[in-house]
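Before any comments, here is the structure.
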Amino acid sequence: MSPKHKIAKRAARELQNGQVVNLGIGLPTLLLNHTPEDLEIFVHSENGVLGMGPRCPACQAHPALIDSGGDYIAVRSGAAFFDSALSFALVRGGRLDVAVLGALEVAENGDLANWIIPGKFAPGIGGGMELAQKARRVIVTTTHTTRSGAPKLLRSCTLPVTAKACVHRIITELAVLDPTPQGLLLRELAHGVRPEDVLDKTEARVILPEDDPPRF
């Protein structure tokens, strides 16, 4: 299993029946490949869908059904469609139970940077700031380091911040960590990963539990 699917599989365990969930662009959309069939969640997309299903190949998709990233999607029976004003009213009104977002950087106190790298093209922040600020629970799914091996989990963000102190949980291919004012609390380790491996690849302070953490 690839690292991204490993992250998505663990993150899918965070979802509970009856929740309204938004899955950010990229890695978070993979969660729908790992949710149990009997899990009843309502997946929201900022462009005006509630009841979104997994991505579809273009040859099998309805041309009008896309998510906020422009990818073709399926929808569940009973799905609802509405305009962007109502879609963002749901977000701003605190109706989202969970937002699963990707990240460029996360600070140890839960600050999130996930929308732009200065000097590189970005289409805009989109709904990222709204989701990060207004969802009742924000889960970040990200690889532990960049492609060059630099840490993504930092003492403080160096990139423009999307929202401050908004992240409740971080899930990487190495570990599950929760931001706190004292640093990142290590909750779980991936199979075959040692606490030292996490410490070596994390700039943020990491709080190790007294007992061996669970494995995923």
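Taken together, the values in this text are just the output of simple stated rules run on the coordinates, not laboratory data. It should be emphasised that the depicted structure is a prediction, and the values quoted were computed from it without experimental measurement. Cβ sites come from the backbone with ideal geometry, for glycine too, and all protein chains shown count toward neighbours.
Each helix, a run of at least 4 DSSP H residues, gives -39500 (n - 2.57); summed and divided by the residues of the chain, these come to -4000 deg cm²/dmol at 222 nm. Largest GNM mean-square fluctuation among SER68, SER148, SER156, using the chain with Cα springs under 10 Å: SER148. Taking a sphere under 15 Å around the Cβ of PRO151 and counting the other residues whose Cβ falls inside, with K and R at +1 and D and E at -1, yields a net charge of -3.
With contacts defined as alpha carbon pairs under 8 Å and 6 or more residues apart, what's the relative contact order of the chain in percent? Value for the chain: 18 percent. A DSSP coil position with no more than 14 other Cβ atoms inside 10 Å describes the following GluC sites (Glu not before Pro) in segment 1-66: GLU37, GLU40. The trypsin sites (Lys or Arg not before Pro) of segment 95-147 meeting both criteria, a DSSP state outside H, G, I, E and B (loop) and at most 13 other C-beta atoms within 10 angstrom of the site's C-beta, are LYS120, ARG136, ARG147. Which net charge results when you count Lys and Arg as +1 and Asp and Glu as -1 among the other residues whose beta-carbon is under 14 Å from that of ALA132? Summing Lys/Arg as +1 and Asp/Glu as -1 gives +2. Under the criterion of Cα pairs below 8 Å and six or more residues apart, the relative contact order for segment 132-216 equals 29 percent. GNM remark for the chain: springs join alpha carbons under 10 Å apart, and the peak mean-square fluctuation among ASP38, ASP67, ASP197 falls on ASP38. Between the helical axis of 3-12 and the longest alpha-carbon principal axis of the chain there is an angle of about 70 degrees. Can you tell me which of ALA61, ALA113, ALA175 moves the most in a GNM of the chain? Springs connect C-alpha atoms under 10 Å apart. Largest GNM mean-square fluctuation: ALA61.
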